Amino acid sequence: AQTVTQSQPEMSVQEAETVTLSCTYDTSENNYYLFWYKQPPSRQMILVIRQEAYKQQNATENRFSVNFQKAAKSFSLKISDSQLGDTAMYFCAFSASRGKLTFGKGITLSVRP
Amino acid sequence: SQTIHQWPATLVQPVGSPLSLECTVEGTSNPNLYWYRQAAGRGLQLLFYSVGIGQISSEVPQNLSASRPQDRQFILSSKKLLLSDSGFYLCAWSTTGGGSSRAQYFGPGTRLLVL
C-alpha cells in the first residue's frame, strides 16, 4: 500500500518570500504520479502541479515548482514570491497504476502581509 | 472545457433522515468519478469510485452508498444518516487511461451537518 506523509502541520511565510512544503511517500511501484493540491478557505480542491515519476525534470507552474527526489521518495513544493492568496491548506497526493489518489494529511500555509 | 457541479452546497439534516448528494460533470465523456469525505481540518478519505455506468467500488464500509445512473452523474446516498456522517463531501473526476490523466479535478463540495 502507498502512504503519503506530510510531517509539518503548519507553516508561515512573509509575503513575497519563498517557502518550501515537504512531502515524502512510500511505494513499491515504479511508474506513478505525484500532485500538489491547494484547498483555500472556500474548501474547493485545486490542482497546483503534477509530476510524472519517469520524468527527471522537476515540474514548474509559474511561481510553483517541485523538487522531486525519486530515490529518496521526496516531493517538496516550493512557492516563490508568496502572495496572500496562497494562504490555504496544501495536500500532497500520489497515484499509481489503478489511478486512485492517496492524500497526505495536509499542511496549513499562512502568508503574512 | 470541463466543469464539475455539486449540489446542494450546504445541507443540514436530522439523524435518521435520508441523504442524496448529486455530482455532474460536463465537457467530457466516460470519466472516472470519485466521492471523498473530509472531516474538519483533516485529509480526504476516498469513499467510492466508478469507472463506468453502474460500476461502483466501495473503499470504506459504512451506511453510505453510491450510484452512477448516467455517464456523467454520480450520486451519494444514505437511507439513515448518522451523526458521524457530518463532513465535507467532494466529488472528483478524471479521464480514463494513463498519463497526466491521473490528475483528479474536484467539484466545489457539499457541507453536510447531521444534527
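The stretch A:50-113 holds strands (runs of 3 or more DSSP E) entirely within its bounds, and those carrying 2 or more residues that are under 23 Å from A:Q14 (Cβ atoms) and either without any contact (Cβ under 8 Å) to a residue 60 or more places away in the chain or touching a Lys or Arg at 6+ places or on another chain (Cβ under 7 Å) (or both) map to A:64-69, A:74-79, A:88-95.
Just to be sure before I move on: is B:R42 surrounded by 12 or more Cβ atoms within 10 Å (Cβ to Cβ), in a loop (DSSP other than H, G, I, E, B) and not aromatic (F, W, Y) in the structure I sent? When the stated conditions are applied, B:R42 passes them. If you go through the stretch A:47-97 and pick out every residue that is touching a strand residue (DSSP E or B) at 6+ places or on another chain (Cβ under 7 Å), small (G, A, S), within 20 Å of B:L44 (Cα to Cα) and within 11 Å of chain B (Cβ to nearest Cβ), you end up with 2. Restricting attention to the stretch B:85-115, the residues that are free of Cβ contacts under 8 Å to residues at least 24 places away in the same chain and outside any loop (DSSP other than H, G, I, E, B) add up to 4.
Annotation note: of B:L81, B:L76, the sole residue that is more than 12 Å from chain A (Cβ to nearest Cβ), out of contact with any Cys (no Cβ under 7 Å at 6 or more places or on another chain), surrounded by 17 or more Cβ atoms within 10 Å (Cβ to Cβ) and farther than 24 Å from A:Q39 by Cα is B:L81. For residues that are small (G, A, S) and part of a loop (DSSP other than H, G, I, E, B), scanning just the stretch A:11-36, find the one that is surrounded by the most Cβ atoms within 10 Å (Cβ to Cβ). My answer is A:S22. Applying the selection to the stretch B:54-69, what residues are of a type in the set (A, V, I, L, M, F, W, C), within 19 Å of B:Q6 (Cβ to Cβ) and open to solvent by 30 Å² or more (accessible area, probe 1.4 Å)? Scanning the stretch B:54-69 gives a single hit, B:I56. I want to confirm something. Restricting to the stretch B:11-38 and keeping residues that are under 14 Å from the mean Cα position of the chain (by Cα) and either open to solvent by 20 Å² or more (accessible area, probe 1.4 Å) or more than 14 Å from every other protein chain (Cβ to nearest Cβ) (or both), which single residue is nearest to A:L109 (Cα to Cα)? Filtering first and then ranking leaves B:R37.
The values are calculated or read from the model by the stated rules, or taken from the named source; none is laboratory data. The shown structure was predicted, so the numbers you read here are calculated from the model rather than taken from an experiment. So basically every Cβ, Gly included, is an ideal-geometry build from the backbone, and we count neighbours across all protein chains shown. What goes into the accessible areas is simple: the full protein's heavy atoms, side chains included, and nothing from ligands, DNA or RNA. Shrake-Rupley method; radii C 1.70, N 1.55, O 1.52, S 1.80 Å.
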